[in-house]
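> Below is one structure. I have some questions about it.
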Amino acid sequence: MGAFIAGPNFSGRSAALMAWLRERAPAFFVGPYAEAALSGLSSSVADEIAIYRGREPRRAAFTPLDFAGYAARKPPTLSGGEQVLLALHCFSLSDYAAIGIDTALEQLDPQNRADALAYLSRGAAGRFTAALIDNRLASPPGWTARELASTATDFACDLAALHLPARKAPVIGARQLSFRYPGGRDIVRDADLDLEPGQAYRLTGPNGAGKTTLFKLLAGVLKPDSGGVTLDGAAYAPWRSGNRIFALATQNPDQQWCGATLAEDLARRRATLARHPDIALPSDEVLAALAARLGVRSMEQHLYELPLVARKRLGWLWPLAGAMPWAMFDEPTLGQDHATRAAFAEAVGRLTASGHGALFVTHDDEFAAMITHRALRIAGGKVHL
């Protein structure tokens, strides 16, 4: 029988899951960022799968993707959702008799999420045991539910007082935008779109479709193979001139820090953005006040000592501060409870009401329903508005 551990953030769910796993050691663990569940020893997906293969097959493999087609891919180049699916596939081939999953299924598209949950439920019925934390699910049928209550207040998220000055963001355009990774398929092919200011856009698509890649193309992290990006109809090449339009909150917040402490991070951002005098940088006092509302009350806080949920919230700081005309959020609600997601949705609404634009990737339908938005979808290299 599976165990479902419920409760708000900072209620002790992760600690309870770790205790459950220790009682069943050796066990397999997939946390919020599934790359950590992989060995780190393999240069290809094929090698990663071979490491975990048991001596004798004990159960049917969980194969949501055509892993033969992924054989030569490097595990770190997979999307977050693809890494979750690879980790679950490796577990299904292994000799482990127990698996604990801490919010990792939140990264999966609806079909893969349903398939993964069905696999865990079937396995938990007898072939292996499973424990699950998930902010977007009620306890699955047949699982034992454990509800924890929160008494923690150190990282309370309060965005009710967020105020943003009015501004007019530019129209973001893509014209015949195309990109493929070396040796791979077309990720984005001949994309044409216009994103209007004062609007929120939700980008959806299957795991591995290229949602994060499209973000990176618009923000100048990647250079397109052909086509380009425009601002109010004028050519814009952020991969050459530097990004001055998008404030990006990455899926994994640890990939966006510019320093060890919040003060150091913000100082380095200021030094970089000083090259763009058209960017109105918020004062340290404004940023410190917003960080406090996000639950971090010291500018000298070491970022990597924060709980992951708090680091994820802090990743919203720069976009919500309104320094850039457009905000990008990649899976912003991973690991966040209902109350935090509602507060964040209200903050994004204030952002767009002030004239900013917002673009977010999420598989979280409940969160998306809290925001007035337009839908974008990417699949098969094509972007549909």
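Every number here is computed from the coordinates shown, using simple stated rules; none is lab data. Note that the structure is a prediction, hence the values are computed from the model and not measured. Every residue, glycine as well, gets a Cβ built from its backbone with ideal geometry; the counts of neighbours run over all protein chains shown.
> With θ taken as phi - 60° and the coefficients 6.51, -1.76 and 1.60, list the Karplus ³J(HN,Hα) couplings across the range 96-106 in order, rounded to whole Hz; mark glycine and proline as x.
Per residue, the Karplus-derived 3J(HN,Hα) values read 4, 9, 8, 9, x, 10, 9, 6, 5, 5, 5 Hz.
> Check which residues have an amide H placed less than 5 Å from TYR201's amide H, if you skip close sequence neighbours.
ALA358, LEU359, PHE360, ARG374
> Treating cross-link reach as a plain straight distance, find the aspartates and glutamates whose alpha-carbon is under 17 Å from the alpha-carbon of LYS216, omitting any fewer than eight places away in the same chain.
ASP186, ASP190, ASP192, ASP194, ASP225, ASP254, ASP330, GLU331
> Another question, if that's okay. Place a point 7 Å from Cα of ASP225 in the direction of its Cβ. Which residues in the range 66-84 have their backbone N less than 11 Å from it?
none
> Select from the range 1-75 those trypsin sites (Lys or Arg not before Pro) which occupy a DSSP coil region and have at most 10 other Cβ atoms within 10 Å, ordered by residue number.
Of the trypsin sites (Lys or Arg not before Pro), the ones in loops of the range 1-75 whose Cβ has at most 10 other Cβ atoms within 10 Å are ARG55.
> Between HIS276 and LEU148, what length comes free when the chain is fully extended (0.36 nm per residue of separation minus the Cα-Cα distance, one decimal in nm)?
Separation in residues times 0.36 nm, less the Cα-Cα distance, equals 41.3 nm.
> Right, another one. Evaluate the chain: find the radius of gyration of its Cα atoms, find its Kirkwood radius, and give the ratio Rg to Rh.
Over the Cα atoms of the chain, Rg/Rh equals 0.97.
> Suppose each label sits 7 Å from its Cα in the direction of the beta carbon; what would the GLU285-ALA263 distance come out to in nanometres?
So the two model labels end up 1.7 nm from each other.
> Among the lysines, which fall within straight-line cross-link reach of LYS223, defined as a Cα-Cα distance under 19 Å, with same-chain neighbours fewer than 8 residues apart omitted?
Cross-link targets: LYS211, LYS382.
> Starting from the Cα of ALA369, step 7 Å along the direction of its Cβ; do the same at ALA353; then give the gap between the two resulting points in nm.
The two pseudo-label positions are separated by 2.2 nm.
> Over the alpha carbons of the range 2-147, what is the largest minus smallest coordinate on each principal axis, giving the biggest first in Å?
Per principal axis, max minus min of the Cα coordinates gives 42, 30, 26 Å.
> For LYS312, go through the lysines and keep the ones whose alpha-carbon is under 17 Å away, minus same-chain ones fewer than eight residues off.
none
> Please work out the Kirkwood hydrodynamic radius for the range 151-221, using every pair of different C-alpha atoms, and report it in angstroms with one decimal place.
This gives a value of 15.5 Å.
> Any chance you could list P(r) for the range 172-384, counting all Cα-Cα pairs in 5 angstrom bins from zero, rounded to whole %?
1, 7, 15, 20, 20, 17, 12, 6, 2, 0
> In addition: How about the range 22-94: which GluC sites (Glu not before Pro) there lie in a loop by DSSP and see at most 13 other Cβ atoms within 10 Å?
GLU23
> Just grab the label-to-label distance for ALA160 and SER39, each label 7 Å out from Cα along the Cβ direction, in nm (one decimal).
5.2
> Still on this structure, please answer the following. May I ask for the net charge around THR230, where only other residues with Cβ less than 12 Å from the Cβ of THR230 are counted and Lys, Arg are +1 while Asp, Glu are -1?
-2
> GluC sites (Glu not before Pro), restricted to the range 252-306: which are DSSP loop and have at most 10 other Cβ atoms within 10 Å?
Taking the range 252-306 and a limit of 10 other Cβ atoms within 10 Å, the loop GluC sites (Glu not before Pro) found are GLU300.
> Hey, what number do you get for the chain at 222 nm if only DSSP H runs of n ≥ 4 count, each worth -39500 (n - 2.57), divided across all residues, to the nearest 500?
The helix contribution divided over the chain gives -8500 deg cm²/dmol.
> Amide H of ARG180: which non-local residues (sequence gap of 5 or more, or other chain) have their own amide H closer than 5 Å, using H built in the peptide plane?
Amide H neighbours of ARG180, under 5 Å, 5+ apart: ILE187, ASP225.
> Full-extension gain between GLU300 and ASP254, please, as 0.36 nm times their residue separation minus the C-alpha to C-alpha distance.
The span from GLU300 to ASP254 would gain 14.9 nm if fully extended.
> Kindly state, to the nearest 0.05, the FRET efficiency for ALA46 paired with LYS168, given R0 = 51 Å and r defined as their beta-carbon distance.
Efficiency, from the Cβ-Cβ distance: 0.50.
> Pull up all non-local amide H partners of ALA249: gap of 5 or more, or a different chain, and H-to-H distance under 5 Å with H placed in the peptide plane.
Sorted by chain and number, the residues that satisfy this are MET328, PHE329, ASP330.
> Here's a follow-up. If you take the Cα atoms of the range 279-385, find Rg, then find the Kirkwood Rh from the mean of 1/r over all pairs, what is Rg/Rh?
Looking at the range 279-385, the ratio lands at 0.98.
> Going by the alpha-carbon gyration tensor, a ≥ b ≥ c the square roots of its eigenvalues, is the range 118-260 rounded (a/c under 1.5) or, if a/c is not under 1.5, prolate (a/b greater than b/c) versus oblate?
Oblate shape, in that a/c is at least 1.5 and b/c is the bigger or equal ratio.
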